[in-house]
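Notes follow once the structure below has been shown.
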Amino acid sequence: MWQPLRSLVGQISRSYGLKLSLVTLSWVPVVMTFNDDICYIARVDGSSMRPTLNPNENVSSTDWVLLWKFHSKKAQCLNRDDIVLFKSPLDPSRTYCKRIKAVQYDSVLTRHPYPREVVQIPRNHIWVEGDNVFHSVDSNNFGPISNGLVIGKAITVIWPPSRWGADLKLATGRYDILVAKSD
Amino acid sequence: MTTIARTWGKTFSYAIRAVCFVHIVHNHVYEFTETRGESMLPTLAATNDYVHAIKKYKDGRGCQIGDCIVAVKPSDPDHRVCKRITGMPGDIILVDPSMKSKVFGSETVGNEKLHLPEDPIGCSEDYDESFDSYIKVPKGHVWVTGDNLSHSLDSRTYNALPMGLIKGKIVAANDFNEPFWGGSKGNFWGFRKIENIYVDEK
Amino acid sequence: MAPPTPVLTREQLERQISFPSADGCQLKSLTQFQCQIFPPGSGEYLCIPFKRLFEECVVAAGASKNTPSRFEVTSPLTNS
């Protein structure tokens, strides 16, 4: 009874192609872990971060950014003027790219349609806005967001090559919205 | 020397693949994890209760009112909470109807006597107010409360929970306070299913 | 923190929201608990159920956007 099984096992282990594919397969979780938790390349759509990202009107040019994910949910890693990608609080299947305008315990001056003029950011929350102030769905619509929704921090533009070295702090949206700083 | 290095290299390579495999399964498929705290009594015990969470329900996909979920705590991304969904996006719900129905008066501690609310109908204004404070659960959010309404930090404090923070749905639990076989909760180490508690009312 | 959500009274609600008519609705319930160590110092918990009631309604296709498909009807009488 064991004979055919043994020969089958022998055949499988001899089969180089199968071994190679198993080894490749075993590295898939490693790659996934790296992309999930350390670093990822993400495409940024839309005009809300213009002129910093996607500066041109024409649709064909879309910026791809290097997204740093490791520890990016920690309050001490989220600083004012960082660009972050996060899950939309209004629809978790969508991802937004915005700039952090205020961190926990800061007070900010809001804009329409937020119902209150000044808001204090609670613990482990951030206030996010697009650079392109008038074409942006941001914290003025959905309020401060939990750090837990942050996916990662945009470090640099890596595609297209013409945009290499683009300054991610080219424009930083509205000025003087901080009423009180936490530090 | 080289053989030792090679052995170490191989061990390391296997270890990293194994760890990442478990990590990916935990994040995307299934997780078996400990829970602590009184907030989900009597569904989950305060200590030593382990839950089976299915990650398909991440981001609230397919979650319904009455489901038990595990989510990241909005005020602290390092902590996770187990709660019951008691309101879906668009629902009109009372913020905290249980607030004023103090089953246990503070004086009970001294008297060791259980007070039931004497006459809940038509009493103080505060009482009426808790039955007249409605909220509409915002889009993309769920309202969560602990099964133990007396000891739970939940939506009543931190408002609705963004669905993006939901990590999975709890489908079953094992209570290791129970004997290995034949406990009161379930045969095998207190294994029982965690069901949806939202039911038809006759 | 969620988007700014006002807490409304029934009166204010009725001004903003058109509730569906009751005939298409099903009464649903959800029971949670209020637990406390009892008797004190014993380490045993005593849980008293607290039931919440909801009306779940079929919202007609052409209904206004402000028609909820589920609204809570828990009242002081629910748990007495």
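The values are calculated or read from the model by the stated rules, or taken from the named source; none is laboratory data. Everything numeric here is computed off the predicted structure, so don't read it as measured data. Neighbour counts run over all protein chains shown; Cβ positions are idealised from the backbone, glycine included. We work out accessible area using only protein heavy atoms, side chains counted, and drop any ligands, DNA or RNA first. Shrake-Rupley method; radii C 1.70, N 1.55, O 1.52, S 1.80 Å.
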**Prompt:** Could you give the dipole magnitude of chain B about its Cα centre, charging the beta-carbon of Lys and Arg +1 and that of Asp and Glu -1, in debye to the nearest 20?
**Reply:** 1680
**Prompt:** Among B:THR43, A:ILE145, A:LEU66, which residue has its Cα positioned farthest towards the positive end of the charge dipole of the protein assembly as shown, with +1 placed on the Cβ of Lys and Arg, -1 on the Cβ of Asp and Glu, and the dipole taken about the Cα centre?
**Reply:** A:LEU66
**Prompt:** Accessible area per residue, 1.4 Å probe, Å², for the stretch B:127-174: what's the number?
**Reply:** 26
**Message:** Per-residue Cβ counts within 10 Å, from other chains only, averaged over C:6-17: what number is that?
**Reply:** 3
**Prompt:** How many nm is it between the label spots at A:ALA171 and B:LYS193, if each spot is 7 Å from the Cα in line with the beta carbon?
**Reply:** 5.7
**Message:** Apply the a/c threshold of 1.5 to the C-alpha gyration tensor of chain C and tell me whether it is rounded, prolate or oblate.
**Reply:** prolate
**Asked** Given a Förster distance of 22 angstrom, what is the FRET efficiency for B:ARG61 paired with C:LYS65, based on the Cβ-Cβ distance and rounded to 0.05?
**Response** 0.40
**Request:** Quick one: check the C-alpha center-to-center distance for the stretch A:1-64 versus the stretch A:116-144, whole angstrom.
**Result:** 35
**Message:** For B:HIS52, B:HIS23, A:HIS125, A:HIS112, give me the order by solvent-accessible area with a 1.4 Å probe, most accessible first, ignoring ligands, DNA and RNA.
**Reply:** A:HIS112, B:HIS23, B:HIS52, A:HIS125
**Message:** Angle check, please: helix A:2-14 long axis (alpha carbons) against the longest principal axis of chain A (alpha carbons), in degrees 0 to 90, nearest 10.
**Reply:** 60
**Request:** Apply 1/(1 + (r/R0)^6) to the Cβ-Cβ distance of A:MET32 and C:SER21, taking R0 = 56 Å, and write down the FRET efficiency to the nearest 0.05.
**Result:** 0.65
**Prompt:** Quick one: putting +1 on the C-beta of Lys and Arg, -1 on the C-beta of Asp and Glu, what dipole do you get for the stretch C:1-56 around its Cα centre, in Debye to the nearest 20?
**Reply:** 100
**Prompt:** When you look at the Cβ of every residue in C:65-77, what mean number of other chain Cβ atoms sits within 10 Å?
**Reply:** 6
**Prompt:** Which one of B:ILE135, B:ILE16, B:ILE54 has the biggest mean-square fluctuation once chain B is modelled by GNM with Cα springs under 10 Å?
**Reply:** B:ILE16
**Request:** Normalise the Cα radius of gyration of the protein assembly as shown by 2.2 N^0.38 Å (N = residues in it) and let me know the number.
**Result:** 1.16
**Item:** Cα gyration tensor shape for chain A, rounded if a/c is under 1.5, else prolate or oblate
**Value:** prolate
**Message:** What is the angle, in °, between the Cα long axis of helix A:16-37 and the longest principal axis of the Cα atoms in chain A? Nearest 10 is fine, range 0 to 90.
**Reply:** 20
**Request:** Would you kindly derive the ³J(HN,Hα) couplings of the stretch A:125-132 from the backbone phi angles with the Karplus curve 6.51 cos²θ - 1.76 cosθ + 1.60 (θ = phi - 60°), listing them in order in whole Hz, with x for Gly and Pro?
**Result:** 10, 9, 10, 10, 9, x, 5, 7
**Request:** Give me a single rounded figure for B:78-88: the average over its residues of other chain Cβ atoms within 10 Å of their Cβ.
**Result:** 2
**Complete:** The lysines whose Cα lies under 26 Å from the Cα of B:LYS10, excluding any fewer than 8 residues away in the same chain, are A:LYS19
**Message:** Apply the Karplus curve 6.51 cos²θ - 1.76 cosθ + 1.60, θ = phi - 60°, to the phi angles in the stretch B:156-164 and return the couplings in whole Hz, x for Gly and Pro.
**Reply:** 5, 9, 9, 6, 4, 9, x, 4, x
**Request:** Compare the Cα positions of A:SER7, B:VAL25, C:ALA61 along the charge dipole of the protein assembly as shown (+1 at Cβ of Lys, Arg; -1 at Cβ of Asp, Glu; about the Cα centre) and return the one farthest towards the positive end.
**Result:** A:SER7
**Prompt:** If contacts are Cα pairs under 8 angstrom and at least 6 residues apart, what is the relative contact order of chain B in percent?
**Reply:** 26
